[in-house]
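To start, the structure under review is shown below, and the notes come after it.
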Amino acid sequence: MAHQIDPEILPPEQPQQKSLQLGPWVVPLKPKTVRALKGVAVTALLGWAGWFFQNFLQLRGVVNILASRVNLAFLWIFCFLACWLLTSGAVRKVLYRICLGVLLLVLVLCLDWWAPKPLAANPPPPFITVKVSPSAFPVSVAPRTTLYILPIHPYQTFTDAASHLHEFDNSCGEEHLWPTQEEINSKPPNGYEEVRRIEVTNHSQDAIESGRIAFSVLYNEAFGGGCMSPPASSAPQEDVIFVPAIDPGKSFEFVAVNQTNRCAWLIAPTTIRIRKANDATPINAPLKLEPTVVSTWLSSPFGPTTIKWVGVPIKNPGYGIARSGASCQSANEITHNTFPEMDVTTTEKSQGNKLQDNLFKNPVVPGQMPTAKNGSGANTAEIYKAQTRNQYPGGFPDTPWPIANTVLHGTNASVIDQLDHLIDEAHKIVADFRKDHNAQSIQEREKTWEAESTSALKANLGQSFAEEFDEKELASDPNRLNTEGSKICNLIDAKIDVLSIFANQLGATNH
């Protein structure tokens with residue numbers, strides 16, 4: 001029988017003694033002491049975490065994002081250190097620490113998302129006003145301007161698809177009236193026509209690229225020459241007005257008229273849809289109504305029209321006349337000429353011609369000037385013939401007599417022909433501008449014509465006459481327009497006078 005050996009009986013495992021080493025000294029720690037120290041450390045770490053949490057809320061309250069997130073990072077660190085100590089005796093402490101660290105990170109990120117953040121500082125909306133004021137009938141339209149019109153009519157509504165105001169173009173150099181003379185004459189002598197001028201002004205520092213205003217219109221029948229308030233159940237008509245670009249401090253104006261035999265109320269909105277310069281997205285801006293002297297006037301209606309309007313629609317929908325224009329008067333300017341053998345015949349139909357500083361050598365009645373009806377009206381064909389080929393009886397005492405370069409051209413007549421050609425070309429440049437009002441074109445053509453004229457004068461008459469032509473400047477004239485194209489026209493006219501003097505002096509030397 002084999003000898004049986006009893007297994008070794010081991011004593012129960014004793015808990016391992018903890019110790020704390022401080023330099024050369026080793027201090028044994030009991031488990032109870034270790035737990036107490038661990039609790040104190042965790043409590044301290046959580047206390048610091050609580051302080052960082054409170055500081056985070058305070059900084060976020062004053063909208064300091066960066067500093068608040070730094071406190072949030074320290075909050076995570078101290079909380080994670082507390083978890084590190086709490087899991088120091090666990091079997092799977094690494095796994096626990098990773099899970100707790102991730103969970104704390106998620107909680108911190110959620111806290112950052114929940115806490116209030118500063119909103120993007122929106123600039124104040126542009127300050128835009130609308131002013132409604134009475135206007136005279138008929139409406140005066142200044143030279144080279146366009147009058148915009150809002151005709152109030154239930155069959156002529158303005159929508160987003162068709163919201164263009166009616167336009168009356170005055171491309172003439174004189175003032176015109178709107179509407180047509182036929183419509184003006186159709187108003188009875190005692191008839192009153194309500195016209196209101198509406199002015200949208202941009203008071204802000206930003207330019208407005210475009211805008212949209214929706215006016216409301218209410219109607220009611222007229223009784224005994226008066227207007228009763230529209231019923232509460234009346235559905236307002238909406239007229240959408242597109243506003244063009246308005247620079248800072250500038251305005252856009254149009255007039256409103258009632259073209260129906262009913263009373264009409266035009267109600268201005270309190271907002272305007274605009275798109276500012278360099279902004280792709282339109283915004284709604286408040287629209288302030290400027291006060292009037294009579295506070296109740298804006299709520300008063302337009303009275304029924306007394307005019308027989310042309311082009312007003314008779315069925316719904318309809319848009320009537322959308323664009324019209326003024327008929328310009330002729331504006332031939334005949335100045336600084338001498339007519340030796342002809343008379344200037346005036347007519348009643350030819351208006352706008354100006355006859356100034358001209359000398360008529362052979363008038364109808366000796367000793368008298370021909371009747372030119374105060375300078376208005378003339379036989380334009382005869383005037384043009386005289387203007388482009390003037391003949392003077394003698395030279396001007398204050399101007400040196402030009403002598404043609406006989407080596408190059410032989411006689412004065414050939415030089416006169418060249419100067420007459422240059423004068424004709426200058427008149428054509430001015431006439432073309434009065435048709436198309438293209439300021440850039442007339443500026444380029446004037447430079448070319450002036451260079452050609454200077455070269456011809458220098459070659460035929462000499463440097464001094466070319467300099468006299470070049471140095472000719474436009475004298476200030478308050479009655480003339482100040483547009484760039486008009487100034488160039490006036491300068492051309494002044495230089496034409498110089499060429500005409502030279503041509504007539506050359507012609508006088510042949511006699």
Net length gained if the chain between ALA494 and TRP48 were fully extended (0.36 nm per residue, minus Cα distance): 151.5 nm
Nitroxide proxy distance, nm - points 7 Å out along Cα→Cβ at HIS437 and ASN190: 4.2
Accessible heavy-atom area order of GLU452, GLU175, highest first, probe of 1.4 Å: GLU175, GLU452
Distance histogram in 10 Å bins (all Cα pairs of the stretch 238-329, percent per bin): 11, 33, 32, 22, 3
Kirkwood Rh, angstrom, the stretch 88-227 [1 / mean 1/r, Cα pairs]: 22.3
Cut-off 9 Å between beta-carbons: net charge of the residues surrounding VAL498, Lys and Arg +1, Asp and Glu -1: 0
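Can you tell me the length gained on complete extension of the stretch ALA280 to ARG323, counting 0.36 nm per residue apart and subtracting the Cα distance? Present the calculation step by step, with values, prior to reporting the outcome.
Values: separation 43, 0.36 × 43 = 15.48 nm, distance 3.04 nm.
Contour length minus the Cα-Cα distance gives 12.4 nm.
Would you mind counting up the charge near SER186? Only other residues with Cβ under 12 Å from its Cβ, with Lys and Arg at +1 and Asp and Glu at -1.
Details: positive: LYS187, LYS308; negative: GLU182, GLU183, GLU193.
With Lys, Arg at +1 and Asp, Glu at -1, the net is -1.
Using the alpha carbon gyration tensor of the stretch 174-322, what are the three equivalent-ellipsoid semi-axes (square root of 5 times each eigenvalue), largest first, in whole Å?
Semi-axis lengths for the stretch 174-322 are 30, 19, 16 Å.
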Descending Cα extents along the principal axes, the stretch 188-228, whole Å: 49, 24, 14
In Å, descending, principal axis extents of the Cα set of the stretch 211-277: 49, 23, 16
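Where Lys and Arg each count +1 and Asp and Glu each count -1, what net charge lies around ARG197 among other residues with Cβ under 9 Å from its Cβ? Please report the intermediate quantities before stating the final value.
Details: positive: LYS131, ARG196; negative: GLU199, GLU253.
Taking every other residue near ARG197 into account, the sum is 0.
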Long-range HN-HN contacts of LEU150 with modeled amide H, under 5 Å: VAL255, ALA256, VAL257
Cα-only radius of gyration and Dmax that characterise the stretch 254-294, units Å: 15.2, 45
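If you take the beta carbon distance between LYS428 and SER233 as r and set R0 to 56 Å, what does 1/(1 + (r/R0)^6) give as a FRET efficiency, to the nearest 0.05? Write out the running numbers ahead of the final one.
On the way: r = 66 Å, r/R0 = 1.17.
With a Förster radius of 56 Å, E is 0.30.
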Net lengthening on full extension, ALA413/GLU444 (0.36 nm per residue, minus Cα-Cα): 8.2 nm
In order through the stretch 455-468: 3J(HN,Hα) via Karplus (6.51 cos²θ - 1.76 cosθ + 1.60), integer Hz, x for Gly, Pro: 5, 5, 5, 5, 6, 9, 10, x, 5, 5, 6, 5, 5, 4
Proportion of all alpha-carbon pairs of the stretch 140-187 beyond 17 Å (%): 48
Calculated FRET value between ARG35 and ILE98, using beta carbons and R₀ = 22 Å, to 0.05: 0.35
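The values are calculated or read from the model by the stated rules, or taken from the named source; none is laboratory data. A quick note: this is a predicted structure, and the numbers were derived from the prediction, not measured. We place every Cβ from the backbone using ideal geometry, glycine too, and count neighbours over all the protein chains shown. Side chains included, ligands, DNA and RNA excluded: accessible areas come from the protein's heavy atoms. Shrake-Rupley method; radii C 1.70, N 1.55, O 1.52, S 1.80 Å.
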